[in-house]
Amino acid sequence: MNKNSSNIMALAPNTSNKRETVCIFGTGDFGRALGHKMIHSGYPVVYGSRSPQISNLIPKDAEVLGHAEAAQKAAIIIIAIQRQHYNFLIPLAEVLRGKVLVDISNNLKLNQYPESNAEHLAQLLPGSKVVKAFNTVSAWALQSGTLDASRQVFVCGDDVEAKQMVMNIVRALGLTPLDKGSLLAAQEIENYPLQLFPMWKFPMFLSLGLTAFFFFYCLALDVIYTYIYEKNNFSFFIAITIPNRVCPVMALILLALVYLPGIFAAIIQLYRGTKYRRFPDWLDKWMLCRKQLGLIALAFASLHVVFTLVTPMRAFVSWRTSKGIIAQALNNKTEPLNNTNAWLSDSYLALGILGYFLFVLLGITSLPSVSNNVNWREFRFVQSKLGYLALILCTAHTLVYGGKWFLSPSAYKWYLPNIYILSLIVPCAVLVVKFVLIFPCVDKPLTQIRQGWERNPKYSE
Amino acid sequence: MNKNSSNIMALAPNTSNKRETVCIFGTGDFGRALGHKMIHSGYPVVYGSRSPQISNLIPKDAEVLGHAEAAQKAAIIIIAIQRQHYNFLIPLAEVLRGKVLVDISNNLKLNQYPESNAEHLAQLLPGSKVVKAFNTVSAWALQSGTLDASRQVFVCGDDVEAKQMVMNIVRALGLTPLDKGSLLAAQEIENYPLQLFPMWKFPMFLSLGLTAFFFFYCLALDVIYTYIYEKNNFSFFIAITIPNRVCPVMALILLALVYLPGIFAAIIQLYRGTKYRRFPDWLDKWMLCRKQLGLIALAFASLHVVFTLVTPMRAFVSWRTSKGIIAQALNNKTEPLNNTNAWLSDSYLALGILGYFLFVLLGITSLPSVSNNVNWREFRFVQSKLGYLALILCTAHTLVYGGKWFLSPSAYKWYLPNIYILSLIVPCAVLVVKFVLIFPCVDKPLTQIRQGWERNPKYSE
Amino acid sequence: MNKNSSNIMALAPNTSNKRETVCIFGTGDFGRALGHKMIHSGYPVVYGSRSPQISNLIPKDAEVLGHAEAAQKAAIIIIAIQRQHYNFLIPLAEVLRGKVLVDISNNLKLNQYPESNAEHLAQLLPGSKVVKAFNTVSAWALQSGTLDASRQVFVCGDDVEAKQMVMNIVRALGLTPLDKGSLLAAQEIENYPLQLFPMWKFPMFLSLGLTAFFFFYCLALDVIYTYIYEKNNFSFFIAITIPNRVCPVMALILLALVYLPGIFAAIIQLYRGTKYRRFPDWLDKWMLCRKQLGLIALAFASLHVVFTLVTPMRAFVSWRTSKGIIAQALNNKTEPLNNTNAWLSDSYLALGILGYFLFVLLGITSLPSVSNNVNWREFRFVQSKLGYLALILCTAHTLVYGGKWFLSPSAYKWYLPNIYILSLIVPCAVLVVKFVLIFPCVDKPLTQIRQGWERNPKYSE
């Protein structure tokens, strides 16, 4: 071990409560916020600044010096400067040799530069030990003490001891360090805070589009058609009746769309006779957003459940029920129990309940903490076996409920099919093809292909 | 590296299955439980005891010796002694030099001593390598093998190799070690098992107090008033009707209280013209328990949902419905559908469902595993944007449902306002002020202040 | 530090983007998949193969050499060979000295060999640094890029630097390494992917058996008995009515079975007068699957809730309600509100709602991410105190609902007791014994025993 690292070791917390001095380059917002927080946690802080005299924004107990003098006072230097100004550090290379430089910068766009800011810094100053940290923390949250978001601070760096020192500071500030490995991880860490649910974009737009389409489809058939031809004003259907038609349709279609790419993948592999070629890009992307599609489907299914359960509380439904009962009473007769109706009503409810139950189970296993606790075999079992069972139950639920409309001519207002018929196309197609795929004569070659067998091995040469 | 640490390395598990001897000082309950478990996991255990002869409680396969002889047999010594007796270790300092001492002690109160027990031990024996561990495990759970609580063992210490050795033992016992960094973390680790939901205390008491107040308020107006003036015994309202009035009121008020401190913070910052001064203490504390307030609000909202959904199953409600229908039938007429009523009933249900749906989303994102997987920007989006949307929807739900009572004189029994009117005060105030705050003329200076601009920069000098 | 490890350090990623060459022994499916992925992530890959000429399945950019030459080109060698063929590595021992060998093998059965594959490899080649990794990843998922299951890669090994190098590769491939400690953990890591919910087997079979029994019991009493003696065809009860009788019964019994082993344990300890003897095996196993029993009980309770809430939507129920109302209307009278009925109906609903609410809370705290965030005292409080409260509420719910059937002779069709009576046996027994156990005269000695006191200390001698 060289002299320098033992120097650093001497500065590391060592049963004494005295904390080592930290230097901060840059007096911008984040530099000041971090300084405030560090002073509050017991660290002596010294700022390195181009113009040490204008220092009125800087925390009271901090010293402000020129860059070189400030750097000499500490073993850890936090670089709170933007990447464009990193070049001015090159003349300081000798002073910074052996020091731990903490890169806290973020970019404005994803993958703005070919290499990450931290790697760029390490290339400029090869004699220093660069550690990436703190970039996921907001200056505002740091200062106000109201860290309501994740307290995780991603740390990466090539020097294990330097990383350890930075992680100790992170802990002392009340945050949780998470070691992401060597400096190679810096790119990923810098991209992290710029993302706003990147995996959710396509599923969200698809859902919004489909929802809008089905909403206006129902609006036309249930409200406008009724108003024109039957002179009934059912405009209040907009609040519950139509949403409760759109939600189950969306849930069923999206759930089927979760399993459709797997079907395509199997067909492509069977056709090619090998698994050693990449799928088309659209299929890859589709497969990667299956979890998001499934969760949106679950949201629609949950809304459908609640919308259905409030039915008896609706003024319209009470009115309709009363009307029916009063009509019977005035006719002085009681209709007998229709056994077929009782069977149909009870079985579509039961199928829906069981399907939704499995659906919720799938949702729970996709919680990160749960899926991290199951192994690959268990996850496949739940997501594939139980998932298909949920799809079968939900499709059956829709079939039993909407079946009576298939052949009734009144279901074809303006020659348009009822929404239930539309909703069944994709799920039925998925189930039929899947049914074919599990036949031994199809399943056996597919399994062989997935185990590495190739029909035409010359492909990969 | 000195001779001692290489000695320890030689003892570390090294492809051979033979495990190193562990010494335990102290034959108390935890010492014995740990010894049992270690012997069961294949570690030779030797106890250090003041009186080696009375050893009948100690596990059969363990050796019992005096402290000095026992310490010499092992590289790791577990100190299962109370802090008050640590002083007797000072004469053993020479024997313990270079050894790994595992401090497993807990205190009876939070922050009982100025420094943690482990740091105290390290100060007494500066030549030893102190590691804090095992204090979060219960002796009873350890021995009975029924570790139903968290299997995490927090480990901290200044010597990386010593910590690694202890973490290997932790893993061998079937527990999960969690490295909390240097010995500075010992205070936090020692406080950890003494806490019983510390962040929940204030929100729970507040909720209980408000719930009791609203319960008796409703009891007076709905049961006692009715009994006195209308001679109706509606005492069974206590079971469902009144809880289902109190729950939504509590949910709405608590949800508004989650967003109120943010409003106060913005006003204070606008008034001061700087963000570089701490908020008053009460506001800081309030901001830190927003998550708990929100979760309690969600619990109340969930109860409200279930209480509402069981409505049609209540004997009282069936009776009331039958009465209405029979009256119509006996009068030989059917009331027509009241379109306004249908609109009102459907829209308050739809608003409530959507508000609750967003509320549940907020609850799911506050699960630790989910919030650790979203970045700061995503978390802010969900908790702020979606949270305000939920508040708007829930307030609108209450307004549409309770609106008709505002002007009706029958709602002012004993000159007291109806509970719905009370419940709307805080949420409406929050929404109105928030609406003012997002106007550009107010939002722009606020954003500047939050980015570090100061109206009166002399403040921080 | 010896020469070899400093060599390895030189190869470790060190601010440069150039990645070290990785050697893979074995050209089987997993070897090829891993090679593809590594080349894609920027690693030069060289394969070691017995027959370098037949290489058409191997990724294009990879080099294929004999084992010895391939090994010389890299510091890390991935052993993608089955355990049975490990012996052929012995002649290569000299070439492999100081190299990092990554064991990625899995077995076909749990604990197939006395020691783990990785430990076996380390014994065969004591001069190499064996690291266990990648065995939990599926080759298919790795290649297709659709890693929908856990991205965690468990890594263990005795050499810290070697482990660090492997963990960096894991990260570079887009996976999450999880350090499981020394090579002793290899057995556990190798068993991990072979398990399919091992803890759930007994609870699932028990639940299925009990469910089937109660289903046929209800079928006999509610459908067959009615058909034979009352000539009513209520076959549609199979869809909702009977499931909604079986589910609550199962939920209540399973919840009681969660708390029964704790009762047995207390009685055994009181009888023996010591806690220092292991419980019988069946009790140990029972205690370890309490969480699973509780979660299955929660699933049944949730199904019961939904089945109950859809009641008003059932055709049978609407028909029954209409019949009742029409009968009253035709008789020209309105029945007055039965206050006792209103009380009973409201209180069993309220008890059920509160019990279910606590039950859901228990379920949420058993989510891994939540239970890791509470300490032992908090977990005990929730699972024990709140759990018993949930059991009391659910038992009371059943008593109030089913109470009226206890004494009615019509409840004893075919001299068999009603299912409600059966369901109450276990929970009532648990609650009565628990009530006895919290009496001071019983609780005090029990607490003493659990703190380590022994009535008859000679036992452990």
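The values are calculated or read from the model by the stated rules, or taken from the named source; none is laboratory data. What you see is a predicted model, and the numbers here were worked out from it, not measured in a lab. Here Cβ is always computed from backbone atoms with ideal geometry, including for glycine, and neighbour counts include all displayed protein chains. The protein model used for the area step is the full one, side chains on, heavy atoms only, and it has no ligands, DNA or RNA in it. Shrake-Rupley method; radii C 1.70, N 1.55, O 1.52, S 1.80 Å.
Summary table below
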{"item": "Filtered residues of region A:281-298 (kept if open to solvent by 30 Å² or more (accessible area, probe 1.4 Å), without any contact (Cβ under 8 Å) to a residue 60 or more places away in the chain and farther than 17 Å from residue C:40 by Cβ)", "result": "A:282, A:286, A:290"}
{"item": "Test: residue in region C:299-316 that is within 30 Å of residue B:372 (Cβ to Cβ) and open to solvent by 20 Å² or more (accessible area, probe 1.4 Å)", "result": "yes"}
{"item": "Residue in region A:419-430 that is at pLDDT 90 or above, within 23 Å of the chain's Cα centre (by Cα) and among the hydrophobic types (A, V, I, L, M, F, W, C) present", "result": "no"}
{"item": "Filter result for the condition that a residue is of a type in the set (A, V, I, L, M, F, W, C) and at pLDDT 95 or above, over B:344, B:288, B:298, B:270", "result": "B:298"}
{"item": "Near pairs, Cβ below 7 angstrom, 6+ apart or cross-chain, from region C:415-441 (in contact (Cβ under 8 Å) with a residue 40 or more places away in the chain) to any residue that is basic (Lys, Arg)", "result": "C:419/C:245"}
{"item": "Entirely in region A:329-447, the helices (runs of 4 or more DSSP H) that have 3 or more residues that are open to solvent by 70 Å² or more (accessible area, probe 1.4 Å) and β-branched (Val, Ile, Thr)", "result": "A:419-437"}
{"item": "Qualifying residue in region B:370-385 (condition: of a type in the set (A, V, I, L, M, F, W, C) and within 14 Å of chain C (Cβ to nearest Cβ))", "result": "yes"}
{"item": "Verdict on residue A:416 being closer than 24 Å to residue A:213 by Cβ and touching a helix residue (DSSP H, G or I) at 6+ places or on another chain (Cβ under 7 Å)", "result": "yes"}
{"item": "Test: residue in region B:29-47 that is modelled with pLDDT under 50 and within 12 Å of chain C (Cβ to nearest Cβ)", "result": "no"}
